Amino acid sequence: MLIEVDGVSHTYGDGPLARTVLRDVSVRMTEHRIGVIGANGSGKSTFARLLNGLVLPTAGTVRVDGHDTRTDGRAVRRRVGFCFTDPDAQIVMPTVREDVAFGLRRRGLAKHEVAARVGAALAAYDLAGHADHPAHLLSGGQKQLLALASVLVTEPALLVMDEPTTLLDLRNARRVARVVADLPMPVVLLTHHLDLLADFDRVLVFEAGRIVHDGPPAEAVATYRDLMTRDQP
Amino acid sequence: MGLFHPGTSLVHRVPAGVKLAALCAAGIGSVFAATPVGVSAYLAAAVLVLVVARVPGRALVRQLRPVLVFVVVLAVFHALVSGPGRAYVVVGMLLALVLLATALTMTTPTSALVDVVVRVAGPLRRVGVDPERLGLLLALGLRAIPVVLGLAGEVRDAQRARGLGASPRAFAVPLIVRSLRHADRVGEALAARGIDD
Amino acid sequence: MTPTSPARPARDLALVATMAGLMAALGLVPAIAPFGGAVPITAQSMGAMLAGALLGPRLGSASMALFLGLVALGLPLLSGGRGGLGAFAGPSIGYLVGFVAGAFVVGWLTHRLAVRPGGRYVLATGIVVNVVGGVALLYLLGVPATAWRADLSLGTATVAALAFVPGDLIKAVVAAVIARGVYAAYPGLGPAPRPRPRAAADA
């Protein structure tokens, strides 16, 4: 897996309401576990959305395994799974089983193939007992596991996660973290839970739309803590 | 959620598409059966369906209560203006059709009806309607209801916590704004899952 | 979300579904129900005005059609917990159809008349638009349908419906006040700006 972000800037809106959230960001990523940290509004959320073409940069290019997100968005989204903060917005189908099957059905897989893969995914994330329940009856932790299962069942080559544990209590956050740790594919994880990054290969620190630090987790986290406790200019 | 009452009766086992077709036929037929005998036959058929389906009486009454009150008012009105025979035909037929439609709803799971809709919409593909998208929209709607109801609960609690009265504006504006933000996130999640590809 | 976001159709789907959900939430607001409660005054006719005013003609009317579709599939979403195909066989069928037509007309008029460039919603115009599309049109469809389903003369049905007019006029005003609040708090509503040349947008 090779992610190339090259000279990317991004501005939302235009005129007096324009808001620039990324400024000339360039980075090449090949590692297995990549953490992204930064304050709210630092640009890290937009950075994550660049990686599967949800946001197209106003300047610069983003390529995933050579596929440009601007010209080849469909191929990129098939490779890159995306897990959001709020599982309620991510679970789009009324029942647990239907939601896991959703992404597979859209790929034109045979019915028995879909059923087998959905069954396996439900079992893997302890959701088999809730398969035909309405999604809104699940607990917060179960909802996030369901959101994750629905993404992973399509077997993405890369998983991008935007603060998946922010809305969870400590126990459920640890549970999701354990699931993430065991995943075979590369992961880009945005988080405020700094302890989740201890075993990561590389951590990027965002501040005011730029990458201000790039290195192993211990020093990245130290830089970030220093940045957050410094007085506001 | 839903008015479906699970069961194993004959009415439950008839395929959803057949039941819908029968209801449509009954609706069209009612125009030609507007006589005391015809209405009696319709009412008898409706009651028979409900008995065979073993629809629980309490749930049925809950659904029919508003219509029943209206039916009584209407019956009195017609009896006074145009005689009891006319009253029976008008009110009886209305009641029979409502009973039949309610019987279908109570014996057919929502997902089976969604499947019928997607199947029936198949030919509409030629005029630009995508049946798969129609099914998706229905599923999204089913999913959105509990989420928005949850948001409504949160907004109401926030209103109470701040000691605000039950002003519709202080309730509706935050609820709608939260719902629109939720819709933005759902749209993003759908795009991430390849809906636009 | 932004001019460069490719997420438009997905967001449209989500908006339509969410507005249908909001309509269901409005059904929980208790209804005033004279005339036997068969055609209750509900907050839901306000929902049709809001759907049009906030989402515009296409998405607004689609959200109302989806709402009715969900009711037809057996969800007890009409105020008072009614639902299923039975609701469509009853005397309020004209008002149900009026939700879709009303949302379209209110949306069309709102986008043309009540929203200033920059997304400001003009209250007075909004009220007039709601009265035309959300009240007058609703009765135009609702009254003849009640007359047909209940075999009443148009005159009798009209007199019976008059009892609801004051309530619906109040709702047209409340819906406009709510719409103005939402337009102010949630930027990006209103008619889509004319697409600018891509080169300029990407520069």
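Bear in mind these aren't lab numbers, they're just calculated from the coordinates by the rules spelled out. All figures in this text were calculated on a predicted structure; none of them were measured in a lab. As a convention, Cβ positions derive from the backbone with ideal geometry for all residues, glycine included, and neighbour counts pool all protein chains shown.
If packing is taken as the mean number of other Cβ atoms within 10 Å per residue, what is the order of B:24-34, A:21-31, A:67-77, highest first? Before the final figure, lay out each step's value.
Working: B:24-34: 12.8, A:21-31: 16.3, A:67-77: 18.4.
Per-residue Cβ counts within 10 Å, averaged per peptide and sorted highest first, yield A:67-77, A:21-31, B:24-34.
For region B:14-23, take each phi angle, set θ = phi - 60°, evaluate the Karplus expression 6.51 cos²θ - 1.76 cosθ + 1.60, and give the result in whole Hz per residue in order, putting x for glycine and proline.
Residue by residue, region B:14-23 yields 5, x, 4, x, 5, 4, 4, 4, 4, 5 Hz.
Ranking request for peptides C:148-159, C:177-188: highest mean number of other beta-carbon atoms within 10 Å first, then the rest in descending order.
Details: C:148-159: 16.2, C:177-188: 18.4.
Ranking the peptides C:148-159, C:177-188 by packing returns C:177-188, C:148-159.
What average number of partner chain Cβ atoms lie no more than 10 Å from the Cβ of the residues making up B:101-114?
Numbers: counts 9, 8, 3, 4, 11, 3, 1, 4, 2, 5, 5, 2, 5, 4.
Average neighbour count from other chains, rounded to a whole number: 5.
Have a look at A:LEU148, A:MET93, A:MET161 and report the one farthest towards the positive end of the charge dipole of chain A, computed about the Cα centre with Cβ charges (Lys/Arg +1, Asp/Glu -1).
Positive-most Cα among the choices belongs to A:MET93.
List the lysines whose Cα lies under 28 Å from the Cα of A:LYS143, skipping any in the same chain that are fewer than 8 positions away.
Qualifying lysines at Cα under 28 Å: A:LYS44, A:LYS111.
How much FRET efficiency would the formula 1/(1 + (r/R0)^6) give for A:ASP182 and B:ALA45, where r is the Cβ-Cβ distance and R0 is 51 Å, rounded to 0.05?
Numbers: r = 60 Å, r/R0 = 1.17.
FRET efficiency, A:ASP182 to B:ALA45: 0.30.
Amide H neighbours of A:GLY215 under 5 Å, counting only residues 5+ apart in sequence or on other chains, H built in-plane at 1.01 Å?
Hits under the 5 Å cutoff: A:VAL203.
Got a sec to turn the phi values of region A:56-70 into Karplus ³J(HN,Hα) couplings, 6.51 cos²θ - 1.76 cosθ + 1.60 with θ = phi - 60°, whole Hz, x for Gly and Pro?
Result, rounded to whole Hz: 9, x, 6, 8, x, 10, 10, 10, 10, 6, x, 8, 6, 5, 6.
Size of chain A along its principal axes in angstrom, Cα-based, largest extent first?
So the three principal-axis extents are 55, 40, 35 Å.
About its Cα centre, what dipole magnitude does the protein assembly as shown give when the only charges are +1 on Lys and Arg Cβ and -1 on Asp and Glu Cβ, stated in debye to the nearest 20?
Charge dipole of the protein assembly as shown: 1420 debye, to the nearest 20.
Can you tell me how much longer the chain between A:SER139 and A:ASP195 gets when fully stretched, taken as 0.36 nm per residue apart minus their C-alpha distance, in nm with one decimal?
Taking A:SER139 through A:ASP195 to full extension adds about 17.8 nm, to one decimal.
Go through B:GLY163, B:LEU180, B:GLY153 and say which Cα lies farthest out towards the positive end of the charge dipole of region B:130-192; charges sit on Cβ, +1 for Lys and Arg, -1 for Asp and Glu.
Of the candidates, B:GLY163 comes out farthest on the positive side.
Amide H neighbours of C:ARG82 under 5 Å, counting only residues 5+ apart in sequence or on other chains, H built in-plane at 1.01 Å?
Residues meeting the amide H criterion: none.
With labels modelled as points extended 7 Å from the Cα through the Cβ direction, what inter-label distance (nm, one decimal) is found for B:ARG62 paired with A:ASP226?
Using points 7 Å along Cα→Cβ, the separation is 6.4 nm.
Defining a contact as two alpha carbons under 8 Å apart and six or more residues distant in sequence, what relative contact order in percent does chain A show?
Working: 426 pairs, mean separation 61.5, N = 233.
Once normalised by length, the contact order is 26 percent.
Could you check the spin-label model distance between B:SER82 and A:ARG106? Points 7 Å from the Cα along Cα→Cβ, value in nm.
5.4 nm
So who's got an amide H within less than 5 Å of the one on A:ALA59, skipping anything under 5 residues away but keeping other chains? H placed 1.01 Å off N, in plane.
A:SER9
When averaged across all projection directions, what area in nm² does the alpha-carbon convex hull of the protein assembly as shown cover? Present the calculation step by step, with values, prior to reporting the outcome.
Numbers: hull surface 122.5 nm².
That works out to 30.6 nm².
Shielding by partners for C:89-99, please: the mean number of other protein chain Cβ atoms within 10 Å of each residue's Cβ. Walk me through the numbers on the way to the answer.
Details: counts 15, 10, 6, 3, 0, 0, 0, 0, 0, 0, 0.
Whole-number average of other-chain Cβ neighbours for C:89-99 is 3.
Pulled fully out, how much extra length does the chain show between A:GLU4 and A:ALA131, if you take 0.36 nm times their separation in residues and subtract their Cα-Cα distance?
Numbers: separation 127, 0.36 × 127 = 45.72 nm, distance 3.87 nm.
Length gained between A:GLU4 and A:ALA131: 41.9 nm.
Show me, for region A:150-156, the HN-Hα J-couplings you get by feeding each phi into the Karplus relation (A = 6.51, B = -1.76, C = 1.60, θ = phi - 60°), rounded to Hz, glycine and proline as x.
Taking θ as phi minus 60°, the curve returns 5, 7, 6, 5, 7, 6, x Hz for region A:150-156.
Based solely on its DSSP helices, what 222 nm [θ] is calculated for the protein assembly as shown when runs of n ≥ 4 H residues each add -39,500 (n - 2.57) and the sum is averaged over all residues, nearest 500 deg cm²/dmol? Working shown, then result.
Values: 25 runs with 360 residues, N = 633.
That comes out to -18500 deg cm²/dmol.
What is the average number of partner chain Cβ atoms found within 10 Å of a Cβ in A:135-141? Display every interim value, and only then the final one.
Working: counts 4, 7, 1, 0, 0, 0, 0.
Mean inter-chain Cβ contacts per residue within 10 Å come to 2.
With no solvent and one point on each alpha carbon, what is the Debye value of log10 I(q)/I(0) for region B:130-192 at q = 0.28 Å⁻¹?
Debye output, listed in q order: -1.17.
For B:VAL129 and B:ALA22, what does the FRET efficiency come to when R0 = 22 Å and r is the distance between their Cβ atoms, rounded to the nearest 0.05? Provide the component values of the computation, followed by the final result.
Details: r = 25 Å, r/R0 = 1.12.
That gives a FRET efficiency of 0.35.
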